[in-house]
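Notes follow the structure.
The values are calculated or read from the model by the stated rules, or taken from the named source; none is laboratory data. Computed from a predicted structure; not experimentally measured. Every residue, glycine as well, gets a Cβ built from its backbone with ideal geometry; the counts of neighbours run over all protein chains shown.
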């Protein structure tokens with residue numbers, strides 16, 4: 001999947017013309033895992049009740065004394081037979097639902113799995129060849145769709161998980177696609193599973209943001225203070241800073257959110273997207289704090305380095321200028 005993913009962060013920069021979002025740190029690492037049982041060639045067959053199988057085979061009960069058919073001692077009075085048959089009617093539906101999940105959405109013919117990075121493909125080598133190829137195609141399809149159709153991308157990752165649930169990169173992909181699709185509880189569960197498998201900590205910003213989405217900003221702040229965050233690369237640190245500032249805002253702690261952003265590299269000379277988003281978050285928080293002139297300055301600073309127009313900083317600046325003039 002791609003190296004950047006949309007965030008649900010209220011303090012982050014919105015994409016122009018879309019909902020507020022930004023990028024999340026992605027590890028690109030996977031863990032050890034075993035092949036899923038059943039394999040790529042697993043099929044599900046609807047089995048006929050035993051009576052239907054006998055009838056289809058022309059089975060006859062052996063005759064007893066006097067030429068009368070012998071009683072079938074295996075079958076006695078079944079007062080609950082109607083209830084049992086009704087309960088059994090749900091089984092084909094359940095099997096059909098599981099089969100649909102296992103099959104996943106249709107795979108585009110031009111997706112081969114070779115689109116995945118070499119490191120991801122390496123983690124699939126422990127699977128049988130055909131199974132690995134199918135899992136790779138679902139993961140590759142998810143990577144192509146996650147920015148345009150996150151729900152279908154999520155379904156592709158679920159199909160990969162149904163075949164290879166013990167592969168960390170598969171669980172990571174499910175978690176990230178679930179996050180992009182807004183299934184935050186599922187995303188948190190899957191990323192926890194991936195972290196248990198491979199010990200990776202790069203999932204922490206997404207996990208913290210999931211806690212925010214689920215109404216637990218305090219837990220998000222706890223993850224933001226994890227010792228491993230200190231070792232993050234600048235882009236990943238920025239992601240956690242944005243989540244931490246957003247959690248402070250969730251708690252109504254505007255001044256604390258500003259302090260969190262102020263210790264980040266807001267004035268670095270690089271023009272990477274994570275700097276754009278940090279500046280935008282700072283400007284947005286300043287406006288919420290009522291510091292309109294300072295907010296206007298930072299919206300302009302954001303726009304100055306936003307060559308790709310990943311934010312609406314220019315429009316925010318214009319709107320804020322009109323507001324200041326009215327006041």
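Assorted remarks:
- Helices (runs of 4 or more DSSP H) contained entirely in the stretch 104-216, each with at least 3 residues that are farther than 25 Å from residue 238 by Cα and modelled with pLDDT under 95: none
- The stretch 299-327 residues that are loosely packed, with under 14 Cβ neighbours inside 10 Å, paired with ones that are in a loop (DSSP other than H, G, I, E, B) (beta carbon under 6 Å, 6 or more apart): 309/16
- Matching residues in the stretch 163-219 - criterion: being over 15 Å from the mean Cα position of the chain (by Cα) and either in the same structural domain as residue 118 (by TED's automatic domain parsing) or closer than 21 Å to residue 117 by Cβ (or both): 163, 164, 166, 167, 196, 197, 198, 199, 200, 201
- Tabulated pairs, the stretch 191-204, first more than 10 Å from residue 168 (Cα to Cα), second at pLDDT 95 or above and assigned to a loop (DSSP other than H, G, I, E, B), C-beta under 6 angstrom, 6+ apart or interchain: 204/226
- Contact map, the stretch 101-112: residues that are touching a residue at least 12 places away in the same chain (Cβ under 8 Å) paired with residues that are not in a helix (DSSP H, G or I), Cβ distance under 9 Å, separation 6+ or inter-chain. Pairs shown: 102/38; 102/42; 102/44.
- Of everything listed in (1) crowded, with 24+ Cβ neighbours inside 10 Å; (2) under 12 Å from the mean Cα position of the chain (by Cα), the single unmet condition for residue 160 is (2).
- Residue among 271, 219, 259, 248 that is over 30 Å from residue 175 (Cα atoms) and either free of Cβ contacts under 8 Å to residues at least 60 places away in the same chain or not in a helix (DSSP H, G or I) (or both): 259
- Complete set of residues in the stretch 287-307 that are part of a helix (DSSP H, G or I) and within 34 Å of the chain's Cα centre (by Cα): 287, 288, 295, 298, 299, 300, 301, 302, 303, 304, 305
- Hey, residue 113 over 17 Å from the mean Cα position of the chain (by Cα) and on the phi > 0 side of the Ramachandran plot or not: yes
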